[in-house]
Amino acid sequence: MIAFGCSVTKPDAYRSFAEPGIRRAAEPDSEVFALESIGSIFSSYNAILERAAGIEELEALVLVHQDAEIMDADFCAKARAAFADPDVGVAGCVGAVGVRSLAWWEGSVSLASFSHRHLEHGGGDLPGFSWDWDEAPPYARVGEVDTVDGFLLVLSPWAVRTIRFDESLGQLHGYDFDYCLQVRAAGRKVITIDVSAIHNHSLELVSEPETWIRAHMRLAEKWDGRMPGVGWAPGTWEERALRAAAERDAELAGEHADVVLRDARIRQLQHGLVETRTSISWRITAPLRLLARLFAFAR
C-alpha cells in the first residue's frame, strides 16, 4: 500500500492543490495523512513518518507540499518501479548531482519533471526542462542523484522506519537535502523518477534569507568530512569565511554597478526620445501619423 502525507498550514492551499493531486494518484487502499502543522516542517513530517511506520503493508510514503499537485494518474506504478531496487531509499521528480551545499540547484540538475506555476506578473507556468521529454536536453535523465527537491518526496518503507528529519536544523530550509544525505550515508540511493507535478509557488526562491543562511551553515558544519564534497572548500574555516565575505561584497558591488548602468541606459534612451519628439522631422510628419492611427482605428 502506498500512503500519502502532507503538512497543512493553509487548508485552502491543500484543498486547491495537494488534495486533488493525491486523489488523482492514490489507490483505493491508500492512507492519507493530511496533518495540521505542529511547528517546523521537520517535526510535522516526523509525525507523519511515525504514523506511516506502523503500516505493515507499506510500499512507499509520498510527502507532498500543500501547494504541489501530482499530475500522474499512474504515479503509484512509477513509485513501485522505483523501489523494485531494494537499495533505493528516496525518490523525487527534481534532482541534481555534484551538490555541495543547501544551494543544491548550483549542482547539475539532471531531472525536473514539474511545472512551476506562479501568480506574479500576471501569472504563468515555467515548465521544468524535462516536463516534455521531446524538448529535454541530452543530459536529462532519471536515476541516481545526490539530492532531490522536497516539494515531492517518495520514501521507501526502510526510510520511513529508519531515518528521521533532523529537527535541530531549523524550521523549514534544508530538511530535504539533509534527509537525502542521511539516506546516502546509510548506504542507500537517492534517485529521480519521471512523475509530473505542478508546484504552485512564488517566484521568490528564498523567502527568509536569514533562516536559510543559518540552515546552510548548520548543514555545512554537520556534514563537513562526513560526505565527500558536502560543506567542503579549499582553505581553513577562517580563510573560507573571509573569502565568503569578500565574494558577498563583490556580488553587492556588481549589483550596484548593474543598477548604475541600467539608470544610465534609461537616461540615454529618454534623452534620445526627447530629441526625436522635438525634431523638425517629427513635427512635420505628425499629421501623417495621426492619419495612420485613424485609419487603423477605422479598420
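The values are calculated or read from the model by the stated rules, or taken from the named source; none is laboratory data. Bear in mind the structure is a predicted one, so any value in this text is a computation, not a measurement. A quick note on method: Cβ atoms are made from the backbone with ideal geometry, for glycine too, and the neighbour counts reach across all protein chains shown.
Key figures
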item: Matching option when the condition is surrounded by fewer than 18 Cβ atoms within 10 Å (Cβ to Cβ) and without any contact (Cβ under 8 Å) to a residue 12 or more places away in the chain, among A103, A136; result: A136
item: In the range 147-161, the residues that are touching a residue at least 60 places away in the same chain (Cβ under 8 Å) and either in a loop (DSSP other than H, G, I, E, B) or not basic (K, R) (or both); result: G150, F151, L152, L153, V154, L155, S156, P157, W158, A159, V160
item: Test for S110: is it hydroxyl-bearing (S, T, Y), modelled with pLDDT under 95, in a strand (DSSP E or B) and surrounded by fewer than 23 Cβ atoms within 10 Å (Cβ to Cβ); result: yes
item: Some residue of the range 4-12 being surrounded by fewer than 22 Cβ atoms within 10 Å (Cβ to Cβ) and in a helix (DSSP H, G or I); result: yes
item: Complete set of residues in the range 26-76 that are in a helix (DSSP H, G or I) and more than 21 Å from the chain's Cα centre (by Cα); result: A47, I48, L49, E50, R51, A52, A53, C76
item: Selection within the range 90-107 - in contact with a strand residue (DSSP E or B) (Cβ under 6 Å, 6 or more places away or on another chain) and either of a type in the set (K, R) or in a strand (DSSP E or B) (or both); result: V90, A91, G92, V94, G95, A96, V97
